[in-house]
Structures are given as C-alpha cells and as structure tokens.
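Participant: Quick one: the structure is below, questions incoming.
The values are calculated or read from the model by the stated rules, or taken from the named source; none is laboratory data. Since the structure is predicted, the reported quantities are computational estimates derived from the model, not experimental observations. As a convention, Cβ positions derive from the backbone with ideal geometry for all residues, glycine included, and neighbour counts pool all protein chains shown. Only protein heavy atoms, including side chains, enter the accessible area calculation; ligands, DNA and RNA are left aside. Shrake-Rupley method; radii C 1.70, N 1.55, O 1.52, S 1.80 Å.
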Amino acid sequence: MYDFQLVKPSSVAEAIEALGAEDAQALGGGQTLLPTMKARLAQTDTLVSLAHVEEMKGVCTDDAGRLCVGGGTTHAAAAEALKSDYPALSSLAARIGDPAVRARGTMGGSVANDDPSACWPAGVLGSGATVVAAGKSGTREIGADDFFQGMFTTALEEGEIITEIRFPVPEKAAYEKMIQPASRFPLVAAYVAKFADGVRVAITGASSDGVFRWTEAETALSQDFSAEAVKGLAAPDAGGMISDLHGSAEYRAHLCKVMTARAVKAAG
Ligand SMILES: Cc1cc2nc3c(=O)[nH]c(=O)nc-3n(C[C@H](O)[C@H](O)[C@H](O)COP(=O)(O)OP(=O)(O)OC[C@H]3O[C@@H](n4cnc5c(N)ncnc54)[C@H](O)[C@@H]3O)c2cc1C
C-alpha cells in the first residue's frame, strides 16, 4: 500500500471540500477500494472517509412516497430498514457477500463502483430509482437509465459523491441471484419490478457493459406477468456477454432467462 492521508469529514459539505484536493478519493466501506490499494492497483494522496457523515446514513420516505436510502448506509443497515417497506430490495442487500462485507460495505460505494457483477446496480436500475449526487457545483438528480454507462463507468463527475438514492416502490418485485460461490457475487442475477405502468427488468453479472435492462422481457412481462412469458423469449444476445472460467457467454445468456423467470415467480 502506498502512503496516503485519511480525512474524516462529518458533513456532506466538508466531504465535498476535502474531495476538492488534488488526487483525493472517497472511501465508503472500503470493501473494494482498500483491497485494491493494498494490492497497489490503486493509489491516492487523500482518502476522504464518508463513515462519519451521519446525514448520508439511513432510510426515509419523501413526499412522493419514494424510499430514500443514504449513500453511506451499509448493506446490513439497508437490509434491516427496508424489510417491511421494500422486501425485494432488503433481500438484495441481505445477500451481498458475507456478514463482514455487509457490515462495512455501503450502498453508495457499490453503486459508484458499478462492478459489472454488483447487486445494488440491478436494484437501482430495476426500480427506476433516482441517484442524488453532490459535488462542488451543487446537488443534482440522475435517473438510473442515465447513471450506469458501462463497466465501472457512471455519470458521476470528478469529486461527486452519492448522498442518496430514491426508490419508487413497485407493486411487486424480486431479485434472484445465481451465486458464484467463491466470491458470493452473482454469476448472473435478475431484478424484476412490476409497476402500475409496466415492468422493469435489470440484469447484472452477465454483460461486459455492466448492468442492463432486458427490454424484450419487460415488454413480454408488461403484457403477461408470468414465468411462462419469459420462457418463450430468446435469451439476450450472447455476443456482449462476459465469458470466464466461471461461465461461458452462452451459459450466462441462458441464466438471464432462468433468473428472470425465477424472479417473476418469486415476486408472484
Ligand atoms: C468477499 C466479498 C464479497 C462481496 N460480495 C458481493 C456481492 O455478493 N454483491 C455485491 O454487489 N458486492 C459484493 N461485494 C462488494 C461490496 O458490496 C462492496 O461493499 C462494494 O462494492 C463497495 O462498497 P464500499 O462502500 O465498500 O466502497 P469502497 O470500497 O469504499 O469504494 C468503492 C468505490 O466507490 C467510491 N465511493 C465510495 N462511496 C462513495 C459514495 N458515497 N459516492 C461516490 N463514490 C463513492 C470509492 O471512491 C471507490 O472508487 C463483495 C466484496 C467482498 C470483499
């Protein structure tokens, strides 16, 4: 690990100011960033820990009835707080990694990192949520459809942090994850959410472009919300699928169908 300074702001304003320093980087739960730094694959002069920014923690409801999850909320705290109001999202958070990862890792860190196999991006995109980002030029809202821009790539600008994500609550939803047992990350997972005006389906773990909406499944499920409706579809094009020692592109494409059908059944 290279030398660095650790700064511990206690408000969003202080964090933004600290992130204005040259080569400064936000630290959420450190579950991704610290191992990367230890392996000397990442280097920063100043780590700005968000762990003491209380205004970025917890879950509340806004005037539009959306559930607002603070960017610094750990996976474990989100799983607990969302249990009764949004069980599908609670269940997603409750199955991330292991207890140690869930106790430290944060929702904001996972979404900002945008690992192509991460769970939260599927919940955010599948719910059609709104990401709230704060930076030097103020606060802005970014719709999920515009936020995820490819593997490890988001609409966040330099020095911006995710302070909150606002989730509309669907009529029915479920997250089904085929676990890659060594890492606990999904090999492929599907988040399905049925709203009054249609169904959203987000797939993670499959595409080399990261999380994506499977629009053919959305159209079919908006007409007929049943696992049978998914079985009749062609699997997403395997051309853009990840292929590695854990699963071929064709296998992952097949799992998109299987996990989506299971999620529809679970949302029941
Ligand atoms: C053994 C293991 C198993 C795991 N299993 C899973 C799994 O099943 N599913 C899954 O989804 N993930 C899994 N993870 C990853 C885990 O969820 C991490 O917690 C997550 O990827 C990063 O969150 P963090 O808060 O630790 O972020 P950090 O590691 O602190 O930061 C990651 C990146 O996000 C940036 N960042 C942090 N917070 C913010 C913020 N609020 N705004 C903007 N940028 C920010 C940092 O600068 C950095 O670039 C696993 C990790 C481990 C070690």
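Participant: Sequence neighbours fewer than 8 away in the same chain don't count; with that in mind, list the lysines whose C-alpha is under 23 Å from K83.
Facilitator: Candidates past the 8-residue exclusion: K57, K172, K177, K194, K265.
Participant: Measuring with a 1.4 Å probe in the full set of protein chains, what accessible area per residue, in whole Å², belongs to the stretch 4-88?
Facilitator: Solvent-accessible surface per residue comes out at 52 Å².
Participant: So what's the projected area for the stretch 172-267, the Cα convex hull averaged over all directions, in nm²?
Facilitator: The Cα convex hull of the stretch 172-267, projected and averaged over all directions, gives 5.6 nm².
Participant: So, with +1 on the Cβ of K and R and -1 on the Cβ of D and E, and no other charges, what is the size of the charge dipole of the stretch 172-267 about its Cα centre, to the nearest 20 debye?
Facilitator: The calculation lands at about 380 debye.
Participant: Summing -39500 (n - 2.57) over the DSSP H runs of n ≥ 4 in the chain and dividing by its residue number, what mean residue ellipticity at 222 nm do you reach, to the nearest 500 deg cm²/dmol?
Facilitator: -8500 deg cm²/dmol
Participant: Highest mean first, how do 261-268, 1-8 rank when packing is the count of other Cβ atoms within 10 Å averaged over residues?
Facilitator: My ranking of the peptides, most packed first, is 261-268, 1-8.
Participant: Further, regarding this structure: Based on the Cα atoms of the stretch 92-175, what semi-axes does the equivalent ellipsoid have, where each is the square root of 5 times one gyration tensor eigenvalue, given in whole Å with the largest first?
Facilitator: Gyration-tensor ellipsoid for the stretch 92-175: 21, 16, 12 Å.
Participant: Have a look at K257, K136, K177 and tell me which one the Gaussian network model of the chain (Cα, springs below 10 Å) gives the largest fluctuation.
Facilitator: With Cα springs under 10 Å in the chain, the top fluctuation among K257, K136, K177 is at K136.
Participant: What is the packing order of peptides 246-255, 13-22, taking the mean over residues of other C-beta atoms within 10 Å and listing the highest first?
Facilitator: 246-255, 13-22
Participant: Sticking with this structure for a sec: Taking the Cα centre as origin and putting +1 on Lys and Arg beta-carbons and -1 on Asp and Glu beta-carbons, what dipole magnitude results for the chain, to the nearest 20 debye?
Facilitator: Magnitude of the dipole: close to 1040 debye.
Participant: Next question. What nm value, rounded to one decimal, do you get for the distance between T215 and D85 when each label is placed 7 Å out toward the C-beta?
Facilitator: 3.2
Participant: Which residue fluctuates the most in the chain, going by a Gaussian network model with Cα springs under 10 Å, if the choices are V199, V101, V188?
Facilitator: Looking only at V199, V101, V188, the largest GNM fluctuation is found for V101.
Participant: For R184, what charge total do you get from the other residues with a beta carbon under 12 Å from its beta carbon, if Lys and Arg give +1 and Asp and Glu give -1?
Facilitator: +2
Participant: Rounded to whole Å and sorted largest first, list the principal axis extents of the Cα atoms in the chain.
Facilitator: Sorted largest first, the three principal extents are 55, 46, 32 Å.
Participant: If you keep only loop residues by DSSP, which chymotrypsin sites (Phe, Trp or Tyr not before Pro) in the stretch 120-181 have at most 15 other Cβ atoms within 10 Å of their Cβ?
Facilitator: Passing both the DSSP loop test and the Cβ count: F152.
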